[in-house]
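Nothing in this text is a laboratory measurement; each read-out follows from the coordinates by a stated rule. Being a predicted model, the structure only gives us computed values, none of them experimental. When we count neighbours, we look across all protein chains shown, and the Cβ atoms used for this are built from the backbone with ideal geometry, even at glycine.
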Amino acid sequence: MHKKQKGQIPLPFLLLGLLVLAAVAAVFLADPGAQPAPGPQPDPTPQVEEEDNPREVIEVAGTEQRTEARTPDPDRVLTDTSGDGRPIGAAIRGSVVDYAGKPVADARIVLTENLFDQNPFGGPAARQGARFSATTDAEGVYRFLRLPVGVEFAMWVMHEQHAPREGFPVRSLAGEEQELQPIVLDEGYRIEGFVRDEAGNPLQGALVTVRLAQVLNLMETEDQIAEEYDLGRLREVEADANGAFAFNYLAEGIYQLEASLEDFGTGVENAITCMGEDKIQVRELVLGTEHRLAGIVRDEEGLPVPNATVAAARTRPRPIYQEEGTTDENGAFELRGLPAGGYGISVIAEGYASARMSHVQSNRTDLEFVMRRKAGVTGRVTRPDGTPITQYSLELFRVNQGTAQYGMTNRTVQVQNPDGVYLFPDLDRGSYVVLVRADGYAPTYSPGFYVERDLVRDVNVQVDAGGVLRGVVLDPNDKPLPGALVTLRGRDYNVWHQHSLFGGAVGDPNNVPAVEARTDSKGRFELRDAFPGDHQLEVKHANYLTLYVGAYVQTDRVTQIGEIVMRPGSSIEGVVTVRGGGAAAGASVYLTLKDENAGFFNKKIIADARGRYRFDGLQPGTYEVSAVREDSNAFFFPGSSPGSTQDVLIQREAENRQVDLIVPPKE
């Protein structure tokens with residue numbers, strides 16, 4: 001059984017916990033401020049499509065290997081050498097064996113890119129990265145040939161006659177093939193039991209589901225639920241004539257068990273622990289009298305709101321239970337199969353502000369929700385001569401009281417309209433601006449506007465040509481540096497904005513729209529459609545210190561920046577081993593800068609198959625390096641052990657420090 005190691009709390013995990021608390025605070029404390037609404041304009045009829053981080057399927061080379069990829073992060077695109085535009089690393093191979101050491105053929109290995117560390121508040125869609133899969137051959141061997149270099153992946157291993165399990169977190173290296181230690185599959189755990197009514201009678205046909213609990217599994221999409229079924233982490237069976245059920249080959253972890261049957265209340269048991277030597281868990285689920293919640297959803301004019309999602313969550317007694325349904329064409333809803341208790345209910349409908357009701361006792365059938373219709377904004381985008389821009393994108397920003405910096409909403413729409421007219425729908429009450437991006441023109445903000453109940457009209461935007469910035473990036477030896485990322489930033493932007501509580505997602509303090517480019521093989525870059533004004537260029541490369549260079553952008557002019565010479569960064573590298581054992585392949589290594597002015601500087605990397613790790617591009621300062629085993633059950637507050645955390649002082653540029661770390665063995 002896994003146990004937490006006693007000791008101090010490493011700083012990286014404390015910071016991660018603070019991130020979640022801050023995200024909640026940001027939601028409740030944001031104040032959109034107020035600005036007068038512009039005047040009227042006739043109703044437009046534009047074609048507007050809101051983006052939702054579309055996914056694409058990419059076939060890649062290699063036996064029985066497939067990729068499911070989202071649009072690649074431009075910060076990592078160096079060359080178009082892989083299916084999603086990222087450079088390919090060397091192969092990763094390994095094997096799957098059973099508990100007796102015999103090879104397991106036809107085992108399925110799934111690698112999923114970890115995007116949570118990059119964007120913990122971007123919602124599920126923003127955290128769904130590339131997914132690769134492979135199947136073991138007759139010798140139990142698997143191999144991944146086309147993984148993007150340096151990208152971290154979580155591994156999940158499955159076979160129909162064995163329990164699934166987590167494998168080693170991996171990252172592909174640029175020029176070195178890795179061979180991982182064998183992954184051992186066994187029979188795992190079993191949850192069995194009976195479903196009965198309150199009189200003790202068996203309930204044949206009751207649908208029983210079991211699910212492996214996942215950390216921070218919030219705002220789940222239908223695709224993610226389907227993926228849980230596919231990976232064997234969510235399963236269901238029907239109880240037999242005796243009310244009996246059983247789930248075999250369960251992975252180690254904590255499970256939720258649920259049983260439902262028409263005309264009965266749903267039975268739930270949370271936190272069933274399948275760990276250690278106790279391989280069989282026996283549970284009895286008693287389904288009591290069915291309770292209901294029913295009512296109607298209307299708008300402010302008394303008209304029904306169809307297709308609204310009504311979600312109910314039981315807050316007492318324990319265990320927690322959730323159910324949801326949809327209103328019909330008359331706005332009516334009914335949630336059945338509920339256990340008795342007190343519920344909180346929320347209603348969400350497209351085009352309306354959400355409605356909530358708390359402390360609702362089950363069996364209420366007279367509930368009524370009144371939805372307030374959301375407003376929107378409309379306007380027209382034109383050139384200086386008044387002719388329309390027919391194709392462009394819009395980004396929505398909040399205008400907040402007490403700060404000049406706009407607040408990001410992560411909402412974008414694509415517009416195609418012959419008259420240049422747009423409609424941005426479904427806006428909550430508050431003050432906003434929209435940013436227009438059109439090919440061949442500088443990104444341009446609209447005037448500020450305030451949204452309340454009615455459609456805000458006549459928020460027009462005139463765009464003009466942007467500037468062009470050209471230059472060359474060299475390494476410290478004056479040689480061309482390919483792959484450097486050059487980004488236009490405001491004058492007050494600095495490297496610590498990347499290390500703020502929310503990282504680069506906070507935006508630019510001067511509201512300068514980011515325009516970026518990668519240097520080519522000769523170190524050259526060109527930024528087109530740049531926002532005019534007195535700004536600076538941010539130049540980043542993994543092996544060097546980030547630089548900021550002044551840049552004055554003029555409308556419809558080309559500005560030559562000249563040569564930019566990077567400064568060498570320092571590095572910290574080492575090997576993570578298991579105390580009394582070998583390399584800690586897949587261990588997570590965290591790096592934190594212990595400087596009161598460093599903000600939330602934190603980096604993470606996965607140790608390779610030989611336990612090696614390396615952080616480059618570091619500035620002088622005192623750092624804390626921490627390592628955690630790949631199979632650690634700890635999340636926010638894993639205790640450290642001797643040798644797993646060390647402080648490192650870097651006193652100058654281009655300094656290399658060797659820091660080896662030791663993690664405790666699995667207990």
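Quick look at the numbers
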| read-out | value |
| --- | --- |
| Given Lys522/Lys604; Lys603/Lys666; Lys540/Lys604; Lys102/Lys603; Lys540/Lys666, the pairs whose alpha carbons are separated by over 28 Å | Lys522/Lys604; Lys102/Lys603; Lys540/Lys666 |
| For peptides 203-212, 275-284, sequence by mean Cβ density within 10 Å, most packed first | 203-212, 275-284 |
| When segment 362-428 is reduced to its Cα atoms, the Kirkwood hydrodynamic radius in Å | 15.1 Å |
| In nm, spacing of pseudo-spin labels at Ser354 and Asp520 (7 Å Cα→C-beta vector) | 4.8 nm |
| Residue order, fewest to most beta carbons within 10 Å, for Thr409, Thr577 | Thr409, Thr577 |
| Using θ = phi - 60° and Karplus 6.51 cos²θ - 1.76 cosθ + 1.60, couplings along segment 426-443 (whole Hz; Gly, Pro as x) | 6, 9, 6, 4, x, 9, 9, 9, 10, 10, 9, 10, 9, 4, x, 9, 6, x |
| DSSP-loop GluC sites (Glu not before Pro) across segment 169-271, with at most 14 other Cβ within 10 angstrom | Glu176, Glu177, Glu187, Glu198, Glu220, Glu262 |
| Backbone HN-Hα couplings from phi across segment 221-232 [Karplus 6.51/-1.76/1.60, Hz, Gly and Pro as x] | 8, 5, 4, 5, 5, 4, 5, 4, 4, 4, 8, x |
| Within straight-line cross-link reach of Lys594, aspartates and glutamates at Cα separation under 16 Å, skipping those fewer than 8 residues along the same chain | Glu624, Asp647 |
| Ascending count of other beta-carbon atoms within 10 Å, so fewest first, for Leu173, Leu293 | Leu173, Leu293 |
| Built amide H within the under 5 Å cut-off of Thr315, gap 5+ | Gly342, Tyr343, Gly344 |
| Taking Leu455, Leu394 and counting other C-beta atoms within 10 Å, the order from fewest to most | Leu455, Leu394 |
| Amide H partners (placed H, <5 Å) of Glu630, local residues excluded | Ala587, Ser588 |
| Intensity falloff of segment 273-427 expressed as log10 I(q)/I(0), Debye formula with alpha-carbon point scatterers, at q = 0.11, 0.17, 0.20 Å⁻¹ | -0.68, -1.00, -1.15 |
| Cβ-Cβ FRET estimate between Asp492 and Thr409, R0 fixed at 35 Å, reported to 0.05 | 0.95 |
| q = 0.09, 0.11 Å⁻¹: log10 I(q)/I(0) that the Debye formula gives for segment 371-529, counting C-alpha atoms only | -0.37, -0.54 |
| GluC sites (Glu not before Pro) restricted to DSSP loop in segment 298-406 with at most 14 other C-beta within 10 Å | Glu300, Glu301, Glu329, Glu350 |
| Cut-off under 5 Å, modelled amide H: who pairs with His535 long-range | Ala551, Tyr552, Val553 |
| Lys/Arg +1, Asp/Glu -1 at C-beta; segment 467-565 dipole; positive extreme among Pro513, Ile564, Leu537 | Ile564 |
| Cα-Cα separations in segment 189-278 greater than 15 Å, expressed as whole percent | 61 percent |
| Cα centre as origin, Lys/Arg/Asp/Glu Cβ charges: segment 189-278 dipole, Debye | 220 debye |
